[in-house]
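Worksheet: one structure, shown below.
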Amino acid sequence: MELLVPFLEIQQVIQLGRKSKMKLLLENWQEYLKENYDLAKSIDYTALVLNDLGHRSLLSYVPEGWEPVAHHMTIINPPEMTTRLPSRWIGGGMCVKVTAIAQNDRVASALVDLEGIPLPMKGPAYPHITIAINPLGEPKVRAVESNDILLEEYKPIEPITVCGTIREIQK
């Protein structure tokens, strides 16, 4: 097993006085925060990216002639990407339940129940997956418009479990 910090450096830290140790700790913490902030700037958004089965399970809700999306559930949206999701979540698999569907003349969306999972979301007002967009909408429809669907517009469905992996999507 390799030590991340050479033994001599550890001895030097042990010999430091309390104030010096605090100063060193703060310097290292500031460097850590700066590195994570700089990395966060290269990330577009963080999401639960659906696996193929999860994607396909939502396709039956795509209105005829519309463009399927059913790609992800946003966890941290682009305006909030100044911080990152704690690393323990990244790359982890997760299953959630789709419990309702809403559609307007521009987008179709699936409401997601996290079932008590303490996922630290910094994005949409409530978890959802954009199912499809209307390719004929003017101005051009964007998937992010599903954020504008009101909670009361969703109609309950028989719950569908969808699974995926939490990922940071690069710019």
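Out of E138, E153, E115, E158, I need the residue that is within 18 Å of I75 (Cα to Cα) and among the charged types (D, E, K, R). Which one?
Values: E138 fails: within 18 Å of I75 (Cα to Cα); E153 fails: within 18 Å of I75 (Cα to Cα); E158 fails: within 18 Å of I75 (Cα to Cα).
Result: E115 is the single residue among E138, E153, E115, E158 that is within 18 Å of I75 (Cα to Cα) and among the charged types (D, E, K, R).
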**OP:** Quick one: count up the residues across region 59-77 that are buried (at least 17 other Cβ atoms within 10 Å of the Cβ) and part of a loop (DSSP other than H, G, I, E, B).
**Re:** 6
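Could you list all residues from region 103-118 that are closer than 12 Å to I133 by Cα and of a type outside the set (V, I, T)? Step through it out loud before you land on a result.
Let us first name the residues in region 103-118 that are closer than 12 Å to I133 by Cα, namely 103-109.
Within region 103-118, Q103, N104, D105, R106, A108, S109 meet the criteria.
Please specify each residue of region 86-100 satisfying the condition of being surrounded by fewer than 21 Cβ atoms within 10 Å (Cβ to Cβ) and among the aliphatic types (A, V, I, L, M). It would help to see each step written out before you state the result.
Start the filter on region 86-100 by keeping residues that are surrounded by fewer than 21 Cβ atoms within 10 Å (Cβ to Cβ), which leaves 86-95, 97, 99-100.
Matches in region 86-100: I90, M94, A100.
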Subject >> Residue ID - nearest to G91 (Cα to Cα), chosen from residues in region 33-73 that are among the hydroxyl-bearing types (S, T, Y) and at pLDDT 95 or above >> reply: S57
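The values are calculated or read from the model by the stated rules, or taken from the named source; none is laboratory data. None of these values were measured; they are calculated from a predicted model. Backbone-built Cβ (ideal geometry, glycine too); neighbour counts: all protein chains shown.
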